[in-house]
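The values are calculated or read from the model by the stated rules, or taken from the named source; none is laboratory data. All of these numbers come straight from a predicted model, not from anything done at the bench. Heads up, the Cβs are rebuilt from the backbone with ideal geometry, glycines too, and the neighbour counts pull from every protein chain shown. The accessibility values were calculated without ligands, DNA or RNA, using every heavy atom of the protein model including side chains. Shrake-Rupley method; radii C 1.70, N 1.55, O 1.52, S 1.80 Å.
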Amino acid sequence: MKKRVFFFHAVLLTASALLLRTMNMGYRVYLNAKIGPEGMGLYQLVFSVFVLAITLSTAGVSLAVTRFVSEAIASGQEGTVRSGVRKCLLFSLSLSMAAAAAIFFSADWVGRAVVEDTRIIPSLRILAPGLPFMALCACLKGYFLAVRGVVQSAAGEILEQVFTIGVTVVIFSFFAPDGLEAGCCAIMLGSTAGEVVSFLYIYILYRLHVRRLQGKKKEPSRGILHRICHIALPITGSSTLRSGLSTLENLLIPIGFKKYGASASTSLSEYGMIHGMVMPVLYFPSSFLIALSSLLIPEMSEANARGYKRFINRTTCRAIQLTLLFSIFVTAVFFAFSHELGMAFYQTEEAGELIRLLAPLVPLFYLDSVVDGILKGLDQQMHSLKYNFSDSSIRVILIYFLIPVTGLKGYLCVLFFSTIFNATLSIHRLLKVAQVRLNLLDWIVKPILCGALSVLTASLLSKCIPSVFLPDWARSAGEVLFSGIGYYALLRLCGSFGKSDLQWIKEIFVREKPKANSPSST
C-alpha cells in the first residue's frame with residue numbers, strides 16, 4: 001500500500017483555509033466600512049433565510065459522494081465511481097433546482113410576511129440562480145476529497161472567493177449602490193458570480209481527473225440510490241431541520257431585541273455585530289483545524305470499512321488532544337487581547353467586549369467541528385441528527401422567551417447553554433464509539449494554566465517596551481507570537497505535549513496503514 005500523503009494534504013488544506021479565512025475577514029471589514037453594522041445585520045438576515053435552501057441542496061449529498069467514492073476505492077470497485085458520482089450529481093441537481101425555484105418565487109412572501117423587511121426580497125432572488133451551481137460544486141468537492149484531490153478543491157474555493165470579492169468591490173467602486181438594500185444586492189451578485197465560476201472550474205477538473213478511470217473496467221453502481229439515501233437523507237434531514245430552526249432563530253433574534261425596547265436599526269446592528277463581525281473573528285483561527293476536520297471524514301470512513309479499530313482509537317485520541325491544546329491557547333489570546341482585536345478589525349470597543357465574553361466557548365466550537373467530522377466518517381450521522389435537532393429546538397424556545405425580557409445578555413446565555421449542550425452530546429458519543437478516554441489533566445487543566453501564564457507574561461513584557469518604539473499592530477502581533485512560544489515551552493515542561501506526540505504526528509503523516517489482521521488494527 002502506498003504511503004499516506006496526509007501530511008501534504010493537511011498542510012495544503014490548512015494554508016488554503018487560512019488564506020480563505022484571511023480573505024473573508026478582510027472582506028467583512030470592507031463590507032462593514034461600506035454598509036455598517038446595520039447593513040451587516042441585513043446581510044446576515046438574507047443568508048439566514050437562504051442557508052435553508054443551501055443546506056437542503058448540499059448537506060447530505062456531498063458527504064454521500066465522499067463516503068461512496070472512499071468505500072469504492074477501499075473495496076477495489078473503482079469502476080463504479082463514475083456512474084455513482086453521475087447519479088449523485090443528478091440527485092443534487094434535482095434538489096437544488098426545486099429549492100432555487102422555491103426561494104425565487106417565495107421571496108416576496110418571505111420578505112413581507114415572515115421577515116417583515118422588504119429589503120431582503122431582491123437579494124434572495126439574486127442568490128437563487130446560483131444554488132444549483134453551489135450544489136453541483138459541493139458534490140464534486142466531495143469527490144475530490146475522497147480521492148485526496150485537495151489541490152483541486154482548495155483552488156476552487158479560493159477562485160470562488162476571489163470572484164465574489166472582486167465582483168462586489170467593482171460594483172461598489174464603479175456603481176456606488178445607494179442604501180442598504182442596493183448594497184446587499186451588490187454583495188449577493190458577487191456571491192452568485194463566485195458560485196458559477198467555481199462550479200465551471202471544478203467541473204472541468206473533474207472531467208479531466210475521472211478520465212484516469214477509463215482504463216479500468218467500468219461497472220454500474222448498483223444500489224447507489226439506496227446508499228445515497230442511507231448516507232444523505234439523515235444528514236440532509238438533520239441539517240435541514242437544524243437550518244430551518246436556525247433560520248427561525250435568526251429571525252427571532254432581532255424581533256426579540258425590538259420587543260426588549262431597541263429600535264429596528266439598533267436590533268439589526270446588534271444582530272450584525274454578533275453574527276457578522278464577532279463570530280468570524282472567533283472562528284478565524286480554526287483555519288488550522290479545517291484540514292483535520294475535512295480529511296478525517298474519508299480517513300475514518302476507509303479505516304472503518306477496513307476494520308482498523310486501533311487506528312480509529314489512536315487518531316480520535318490525538319485529534320481531540322491537539323484540538324484542545326490549540327483551542328485553549330486561542331481562548332487565552334482572545335480573552336487577553338480582545339480590546340486590541342476589536343479595534344483592529346472594526347474600530348469599536350463593543351466588538352472587543354463581545355469577543356472577550358464569548359472566548360470561553362472557542363474550545364467547544366473547534367472541538368465540535370472536529371468531532372463532527374470523525375462521527376460522519378464512522379457512520380454516526382443519525383446520532384448527529386438527534387443532537388442537532390434537540391439543540392436547535394431548545395435554542396428557539398429560549399430565544400423566543402428569553403430575549404424579549406433580557407435582551408443581549410439573554411442571547412449570550414443562550415449561546416453558552418446551546419454550545420455546551422450540543423458539544424457534550426457529540427463528544428460523549430464519539431468517546432463511546434471510538435473507545436477513547438479524556439485526559440483531563442494533560443489536555444485541559446495544564447493547558448489552561450499554561451495559556452493563562454503565557455499571555456500574562458507576554459502582556460507584562462510588552463508594557464516594558466515604550467509605546468514610541470512599536471505601532472499598536474506590531475505590539476499586538478509580538479504579544480501573540482511570544483505567547484505562542486511561551487505556551488509551547490510550558491506545555492513541553494509540564495508534560496502535556498512531548499516527544500511521543502511529535503513522533504505520532506510524524507508517523508501518521510508518513511507511515512503505511514496497518515493490515516487488517518495486524519495487531520495494531522485490533
Legend entry - Shape category assigned to the range 243-349 from the gyration tensor of Cα positions, a/c cut at 1.5: oblate
Inset, instruction - When you have a sec, figure out the Kirkwood radius of the range 127-182 from all distinct Cα pair distances and drop it here in Å to one decimal? - result: 13.3
Inset, instruction - Summarise the accessible area of the range 373-432 (1.4 Å probe, protein heavy atoms) by the percent that is carbon and sulfur. - result: 73
Legend entry - Accessible heavy-atom area order of K446, K463, highest first, probe of 1.4 Å: K463, K446
Inset, instruction - Rounded to the nearest 0.05, what FRET efficiency do L440 and A33 give with R0 = 41 Å and r taken as the Cβ-Cβ distance? Could you check? - result: 0.40
Inset, instruction - For K409, list the aspartates and glutamates whose Cα falls under 20 Å from its own Cα; do not include residues on the same chain fewer than 8 positions away. - result: E38, E249, E270, E349, E350, E353, D391
Legend entry - Simple spin-label estimate for A15 and E350 in nanometres, 7 Å along Cα-Cβ: 4.1
Inset, instruction - Please list L441, L425 in order of solvent-accessible area, largest first, computed with a 1.4 Å probe with all protein chains present. - result: L441, L425
Inset, instruction - Please work out whether the range 80-210 counts as rounded, prolate or oblate from its C-alpha gyration tensor, where a ≥ b ≥ c are the square roots of the eigenvalues and a/c under 1.5 means rounded, while otherwise a/b larger than b/c means prolate and anything else oblate? - result: oblate
Inset, instruction - Report D178's accessible area, 1.4 Å probe, all protein chains in place, as a number in Å² to the nearest 10. - result: 140
Inset, instruction - Kindly sort I73, I54 by accessible area of their heavy atoms, largest first, with the probe set to 1.4 Å. - result: I73, I54
Legend entry - For V114, solvent-accessible area (1.4 Å; no DNA, RNA or ligand), Å²: 50
Legend entry - Nearest-10 value in Å² for the accessible area of C464, using the 1.4 Å probe: 100
Inset, instruction - Give a residue-ordered list of calculated ³J(HN,Hα) values for the range 157-170 (Karplus: 6.51 cos²θ - 1.76 cosθ + 1.60, θ = phi - 60°; whole Hz; x for Gly, Pro). - result: 5, 5, 4, 4, 5, 4, 5, 4, 5, x, 5, 4, 5, 4
Inset, instruction - Compute the Cα gyration tensor for the range 392-478, then decide on rounded, prolate or oblate, letting a ≥ b ≥ c be the square roots of its eigenvalues: rounded whenever a/c is under 1.5, prolate when a/b is larger than b/c in the other cases, and oblate in all that remain. - result: oblate
Legend entry - Cα-based radius of gyration of the range 48-114 once divided by 2.2 N^0.38 Å, which approximates compact folds: 1.49
